[in-house]
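Worksheet: the structure to be examined is printed underneath.
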Amino acid sequence: MRTERWSALGHPGATIWFTGLPASGKSTIAAAVEERLVLSGRSAYRLDGDQMRLGLNRDLGFDAASRTENVRRTAEVARILAEAGTVALVSVVSPYSAGRAEARALHEREGLAFMEVWLCTPLAECERRDPKGLYARARRGEITGMTGIDDPYETPAAADLVLTPDLSVEASAERVLRLIDSPDSR
């Protein structure tokens, strides 16, 4: 049924996994990519970390086991969307390399495209942005387990695309779109 579905849609499904520190720009760039895909007639859906924690993952905390389960559940939803012919745009911190590797392996076992996009934004820039005030609260000791402060973020060893903060949102989105449409991604 996958072949017929993708043929009817005119494109295959895929998962684009945006990872990086909190406030690195994952959600902003994923939203720009989603908008461009949908406006061009492609099925796309953003699975944002905050959105997932309000619904499916609302029972999870921020300890290592909960973060691992958050990534696992999100990867399963992304796989279902990709199977259905949608480009799943996952924007979650996903701080541990093993979780991202498992998400990739899940897709590869099913013959689904999976591309990891690392937003390589330095901690100082993320702290400067700090839209939710989480870094400031962590620095004051009001919260613990903050990724990048007192909980690790394991940088990707071989991301499919690395985006840096010197790129505009539009330039970053364009690079992601080129990655999605590259022959190697199918």
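Is at least one residue of region 122-145 polar (S, T, N, Q) and free of Cβ contacts under 8 Å to residues at least 12 places away in the same chain? Yes; the residues of region 122-145 include at least one that is polar (S, T, N, Q) and free of Cβ contacts under 8 Å to residues at least 12 places away in the same chain. Here Gly133 does not qualify as farther than 30 Å from Ala84 by Cα and touching a helix residue (DSSP H, G or I) at 6+ places or on another chain (Cβ under 8 Å). Residues that are over 16 Å from the mean Cα position of the chain (by Cα) and either in a loop (DSSP other than H, G, I, E, B) or surrounded by 20 or more Cβ atoms within 10 Å (Cβ to Cβ) (or both) within region 6-23 comprise Gly10, His11, Pro12, listed in sequence order.
Summed over region 76-104, the residues that are within 23 Å of Arg5 (Cβ to Cβ) and either among the aromatic types (Phe, Trp, Tyr) or touching a residue at least 60 places away in the same chain (Cβ under 8 Å) (or both) give a count of 14. Taking the stated definitions as given, is Gly55 over 14 Å from the mean Cα position of the chain (by Cα) and at positive phi? Considered against the rule, which asks whether it is over 14 Å from the mean Cα position of the chain (by Cα) and at positive phi, Gly55 comes out as no. Exactly one condition in (1) under 22 Å from Ser182 (Cβ atoms); (2) not in a loop (DSSP other than H, G, I, E, B) is not met by Ser27; state its number. (1) is the only condition that Ser27 fails. Between Arg100, Arg67, Arg137, the distinction of being under 13 Å from the mean Cα position of the chain (by Cα) and among the basic types (Lys, Arg) belongs to Arg100 only. Out of everything in region 24-52 that is of a type in the set (Lys, Arg) and under 14 Å from the mean Cα position of the chain (by Cα), what residue ends up being least open to solvent (accessible area, probe 1.4 Å)? The qualifying residue least open to solvent (accessible area, probe 1.4 Å) is Lys26. Every residue in region 145-186 that is farther than 30 Å from Leu134 by Cα and among the polar types (S, T, N, Q), please. Of everything in region 145-186, those that are farther than 30 Å from Leu134 by Cα and among the polar types (S, T, N, Q) turn out to be Ser182, Ser185. Scanning region 93-105 turns up at least one residue that is hydrophobic (A, V, I, L, M, F, W, C), closer than 29 Å to Ser43 by Cα and at pLDDT below 95.
If Asn57 satisfies all but one of (1) of a type outside the set (Lys, Arg); (2) buried (at least 17 other Cβ atoms within 10 Å of the Cβ); (3) assigned to a helix (DSSP H, G or I), what's the number of the condition it fails? Among (1) of a type outside the set (Lys, Arg); (2) buried (at least 17 other Cβ atoms within 10 Å of the Cβ); (3) assigned to a helix (DSSP H, G or I), Asn57 violates only (3).
The values are calculated or read from the model by the stated rules, or taken from the named source; none is laboratory data. Quick caveat, the model's predicted, so the values are computed rather than measured. Every residue, glycine among them, receives a Cβ derived from its backbone with ideal geometry; neighbour counts consider all protein chains shown. Just the protein is used for accessible areas: all its heavy atoms, side chains included, with ligands, DNA and RNA removed. Shrake-Rupley method; radii C 1.70, N 1.55, O 1.52, S 1.80 Å.
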